[in-house]
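Presented below is the structure to which this report refers.
The values are calculated or read from the model by the stated rules, or taken from the named source; none is laboratory data. Small disclaimer: the values here were computed from a predicted structure and weren't measured. So basically every Cβ, Gly included, is an ideal-geometry build from the backbone, and we count neighbours across all protein chains shown.
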Amino acid sequence: MPKVAFTYEIPEIAETKLKEAGFEVWVNREERTLNHDEIIELAKNNDALITLLSDNIDKEVIDAGRGILKVVSNYAVGYNNIDVEAAKEAEIYVTNTPGVLSDATADLAWALLFAVARKIVESDKFVREGKFVGWRPKLFLGYDIKGKTLGIIGMGRIGKEMAKRAKGFEMKVLYYKRNRLSKVEEKELGVEYAELETLIKESDYISLHTPLTKETYHLLDEKEFSMMKPNVIIINTARGPVINEKVLIKYLKEGKIAGAGLDVYEEEPKIPQELIELNNVVLTPHTGSATFETRDKMAEMVADNVIAALKGEVPPNNVY
């Protein structure tokens, strides 16, 4: 009987599907991430691993699974936690869960944008602490959204959903992407292509939707922040290291940019205390895809990827 191991508990629909398919299933039900040695042991003894972005599936793990492990099914759209080249060489499939989390993540990006622009979290705390004594002309002044310029860095599935939502606010939408969209798609989405420098200089809001690669590491660094408007608001629901966090903190503390909404962090789950103490930042715990519907769909996908691989088929979401 093929064996499948979950490094962490996910919605039970995945476990149910795998058991119904006739597989032996083991799930880590502890509220902790498995350490590297524990994951190596799982790779040695299972036909499939279902993993999270927080799991380091490096060459050592892949080598431990040679001849036994058939697939690493990542419960995420990203897979930068997996050594894909090593897996490919070892003939181990690597799969992800693309598409299903685009709407939920775009929704959260917009929620962060609104929360920062209108100082929702700071205002909520103010009210709860009993400080609200009546309307005041300058109390928690924020920034308009309608008619402003939104810069989207990365125009994949999530970036496109972000752009679609901007139409309702009559925003000018600039986007930067390595491979430009067709003119037809640009027209349909109502977006304009811009070089990164132009987007950074002209945007009132900048939302990041790019994968983490060598090219996108610290894509927003000192040079880029120095070109931004002083009222710009940065939203990141992509990957933490796309932004140089130290530089971001400096610009936020000095008031050189208006604010930021962050769902991901450079050394996740570690978050600098300086960032936590800032009032012009809204922080969420990597919950871009955290809706009941989306997480269930992701769980179904990881199970379907495993079932296909263990049947000797190419999984529907193999990444190479």
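For region 94-113, a residue qualifies if it is in a helix (DSSP H, G or I) and either of a type outside the set (F, W, Y) or surrounded by fewer than 17 Cβ atoms within 10 Å (Cβ to Cβ) (or both), and the qualifying residues are S102, D103, A104, T105, A106, D107, L108, A109, A111, L112, L113. Each residue in region 165-178 was checked for being surrounded by fewer than 12 Cβ atoms within 10 Å (Cβ to Cβ) and more than 19 Å from G147 (Cβ to Cβ), and 1 pass. Scanning region 129-145 for any residue that is in contact with an Asp or Glu (Cβ under 8 Å, 6 or more places away or on another chain) and either of a type in the set (V, I, T) or without any contact (Cβ under 8 Å) to a residue 60 or more places away in the chain (or both) turns up at least one such residue. Has region 30-42 got at least one residue that is out of contact with any His (no Cβ under 7 Å at 6 or more places or on another chain), at pLDDT below 95 and either crowded, with 17+ Cβ neighbours inside 10 Å or hydrophobic (A, V, I, L, M, F, W, C) (or both)? No, because not a single residue in region 30-42 is out of contact with any His (no Cβ under 7 Å at 6 or more places or on another chain), at pLDDT below 95 and either crowded, with 17+ Cβ neighbours inside 10 Å or hydrophobic (A, V, I, L, M, F, W, C) (or both).
Of the strands (runs of 3 or more DSSP E) lying entirely inside region 179-280, the ones with 1 or more residues being buried (at least 16 other Cβ atoms within 10 Å of the Cβ) and among the aromatic types (F, W, Y) are found at 205-208.
Screening the candidates Y143, Y217, Y193 for the property of being of a type in the set (S, T, Y) and under 30 Å from D83 (Cα atoms) yields one hit, Y217. When I271, I249 are screened for being over 19 Å from the mean Cα position of the chain (by Cα), in the same structural domain as A111 (by TED's automatic domain parsing) and without any contact (Cβ under 8 Å) to a residue 60 or more places away in the chain, only I249 passes.
Criterion applied to V94, V77 was being over 16 Å from Y8 (Cα atoms) and either outside the structural domain of V306 (by TED's automatic domain parsing) or modelled with pLDDT of 95 or more (or both), and the one residue passing it is V94.
Scan region 252-306 for residues that are more than 20 Å from I145 (Cα to Cα) and of a type in the set (G, A, S) and jot them down. Answer for region 252-306, where residues must be more than 20 Å from I145 (Cα to Cα) and of a type in the set (G, A, S): G288, S289, A290, A299, A303.
The test for being of a type in the set (G, A, S), in contact with a strand residue (DSSP E or B) (Cβ under 8 Å, 6 or more places away or on another chain) and part of a helix (DSSP H, G or I) holds for A163. Condition (residue is crowded, with 21+ Cβ neighbours inside 10 Å, polar (S, T, N, Q) and within 17 Å of the chain's Cα centre (by Cα)) applied to region 76-93: is it met by at least one residue? Looking for residues that are crowded, with 21+ Cβ neighbours inside 10 Å, polar (S, T, N, Q) and within 17 Å of the chain's Cα centre (by Cα), one finds none in region 76-93, hence no. If I go through region 63-74 residue by residue, how many of them are outside any loop (DSSP other than H, G, I, E, B) and either more than 23 Å from M298 (Cβ to Cβ) or not assigned by TED's automatic domain parsing to the domain that holds V27 (or both)? So the count comes out to 2.
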